[in-house]
Amino acid sequence: MLDSLRRAFQRLLTAFVIAQMAMLAVVILYAVACRKLGMSLAWYDEVASIQLAWLTYYGAALAALHRAHIGFPGLVNAMRPAWRVPAVIVGEVCVIGFFALLTWYGVQVLLILQGDTLVTLTWVPTQFTQSVIPVGGALFIVAQLLSLPGVLAQARGAGIVDHEQKPVDDLMTAEDAKPRNPREALS
């Protein structure tokens, strides 16, 4: 059940990130076309920067679900197997604690921004645009918790998979398959 919940969460985040990227591209292309026609948009900079922030927060949650953020799996893997799980748990407590604080203070910021609107689009509440802070923090926490069982299983087993090394290993395998002698390449 946890795996199906993780997959559904992944599909939802992926769809939102793709939609956000597409909307950002449309806004940028529309703004460029309008500028070329001599009709600059007053709202473009504000909307594009907000969309980029939303893309960043939701994309970060998606990366957390895949455990694709910078980490120290080599450090954990160098530990004795008995120390790996406690090290992972301490790391998780730190990460989740940070994002819990981000979410809490993000809600506090929303309370402060009550009644404010965007400068160029006065009908858009600032609370809506800045809601990405607490929502993104909460999504990051959910992503960490949904991927935690897999990381704990890796820590108990052969070690944590280093996602940063995997593409390099794939490239090295492809390089090793190439002939080293130029005459071998011709045959």
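Just so it is clear, none of the values below were taken in a lab; they were calculated from the coordinates. In this text the structure is predicted, and so the values were computed from the model without any measurement. Every residue, glycine as well, gets a Cβ built from its backbone with ideal geometry; the counts of neighbours run over all protein chains shown.
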Query raised in the report: Counting each DSSP H run of 4 or more residues in the chain as -39500 (n - 2.57), what helix-only mean residue ellipticity at 222 nm follows after dividing by all residues, to the nearest 500 deg cm²/dmol?
Result: -25500 deg cm²/dmol
Report task. Let me know the charge dipole size of the range 85-170 about its Cα centre in debye, to the nearest 20, where only the beta-carbon of Lys, Arg (+1) and Asp, Glu (-1) is charged. Result -> 240 debye
Query raised in the report: From the residues Q114, L152, W54, which one has its Cα farthest along the dipole of the chain in the positive direction, the dipole being from +1 and -1 charges on Cβ of Lys/Arg and Asp/Glu about the Cα centre?
Result: L152
Query raised in the report: For Kirkwood radius over Cα pairs in Å, the listed values are [x] 19.3; [y] 19.9; [z] 16.2; which was obtained by calculation from the structure presented?
Result: [y]
Query raised in the report: Could you give the dipole magnitude of the range 8-141 about its Cα centre, charging the beta-carbon of Lys and Arg +1 and that of Asp and Glu -1, in debye to the nearest 20?
Result: 460 debye
Query raised in the report: Does the range 33-86 come out rounded, prolate or oblate, given a ≥ b ≥ c as the square roots of the eigenvalues of its C-alpha gyration tensor, rounded meaning a/c under 1.5 and, failing that, prolate meaning a/b above b/c?
Result: prolate
Query raised in the report: For the residues Y57, Y44, Y30, what sequence is obtained by ranking on other C-beta atoms within 10 Å, fewest first?
Result: Y30, Y44, Y57
Query - Whole-number percent relative contact order across the chain, with pairs defined as alpha carbons under 8 Å at least 6 apart - result: 27 percent
Report summary line: Tilt, helix 81-112 to longest principal axis of the chain (alpha-carbon atoms), in degrees rounded to tens, equals 0 degrees
Query raised in the report: Using a Förster distance of 25 Å, how high is the FRET efficiency between W43 and Q127, based on the Cβ-Cβ distance and rounded to 0.05?
Result: 0.90
Query raised in the report: Could you give the angle, 0 to 90 degrees to the nearest 10, between helix 166-177's Cα long axis and the longest principal axis of the Cα atoms of the chain?
Result: 50 degrees
